[in-house]
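What follows draws every value from the coordinates through simple rules; no lab data is involved. Since this is a predicted model, take the numbers as computed values, not measurements. Positions of Cβ are backbone-derived with ideal geometry, glycine not excepted, and every protein chain shown enters the neighbour counts.
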Amino acid sequence: MEVSDIKKVLVLGAGTMGQQIALQCAIHGYDVVLYDIDPEMLKKALKHIDRFMKELETSKRFSSAELAAARERIATSTDAAEAGKNVDLISENVPEDPALKGKVFSQFNGICATHTIFTSNTSSLIPSMFAEQSGRPDKVISLHFHPNVWDATIADVMPHKGTSDETLQVVTAFARRVGQTPIYVKREHPGYVFNTMLMAFLSSALTMVGRGVASVEDVDRSWMGVMFTPMGPFGIMDFIGLDTMWKVNSFWASSMNDPVVKKNADLLRKMLDEGKLGQKSGSGFYTYPNPSFTAKGFLKGENS
């Protein structure tokens, strides 16, 4: 198989990353099926994709004609058997649970053609955790994008020991064809490259707040004031989604039996129980759409 053989992409999971990957692939000429078990999720996904398109048009990144053509290439489906027909590459974006990813890959192994490559957009897990369950371990590899996909154009490409050289080469070339710079992760490493650095950063912020060292606002204020960034670690966590942050922290707390990570996961779990998911729910460490860290006097502590 060569990268030119990839014509149709199946995106599993219609969350934020699934939406962005679907649109990015469609913009670059691929036919896309966006699959989710929840029809309401697909309806919301299409609305979000339309919003992304308006932003891209306003910023003159792409013309209205290019975006309209891309939108025509995106289909949606809740029918796995139908969604998996004639696809050449899968981008999996289901929750960060290796058992669930393995189950989903196993399901689509029975649906997709034998040449179909299975990629995972996991941000913290490694492909060997679910490669065997896929039924085609030589065609399983991680292809991890970063949001927003059209701005943060870095994609981690991580094979496992059983990934074929052909799969690695094809997926690396595919990443370039959808506007990404592929970062080759030479050995399996949880967290990949950027996320390894990011999670250490976010974990230290959670730990300081959990131990009562400083407030959420002051931790963010410190980072923003020294590094000249538009948001700090807690604003970033709200952007990522506190449900995703909890899943990652909970998994590694259990895997490593680390009491510090467990305490961080418990802090996030408490917020989820209160319905605080971050930007997506309008409330997290901050309240949206106008979080206090965007206010003029935030860095000076005037709105504390």
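The tail of the calculated P(r) for the range 253-304, taken as Cα-Cα distances beyond 13 Å, holds 65 percent of the pairs. Taking only alpha carbon atoms, the chain gives an Rg to Rh ratio of 0.97, where Rh is the Kirkwood radius.
The alpha-carbon atoms of the range 194-293, seen along their principal axes, cover 35, 29, 27 angstrom, with the largest extent given first. Straight-distance candidates among the aspartates and glutamates for linking to Lys262, with alpha-carbon spacing under 20 Å and chain neighbours fewer than 8 residues away dropped: Glu96, Asp97, Asp238, Asp243, Asp273, Glu274. Taking a ≥ b ≥ c as the square roots of the eigenvalues of the Cα gyration tensor, the range 95-217 is prolate, since a/c reaches 1.5 or more and a/b is larger than b/c.
The three principal axes of the C-alpha atoms in the range 3-184 carry coordinate ranges of 44, 33, 29 Å, sorted with the longest axis first. Take 120-127, 155-162, 229-236, 253-260 and order them by the average number of nearby Cβ atoms within 10 Å per residue, most first; the result is 120-127, 155-162, 229-236, 253-260. In terms of distances greater than 24 angstrom between alpha carbons, the cross-link table entries Lys101/Lys161; Lys139/Lys186; Lys8/Lys139; Lys8/Lys43; Lys44/Lys247; Lys8/Lys247 yield Lys8/Lys247.
Take every DSSP beta bridge whose two residues both sit in the chain; close to 15 percent of them are antiparallel. Between the alpha-carbon centres of the range 250-304 and the range 113-158 there is a gap of 28 Å.
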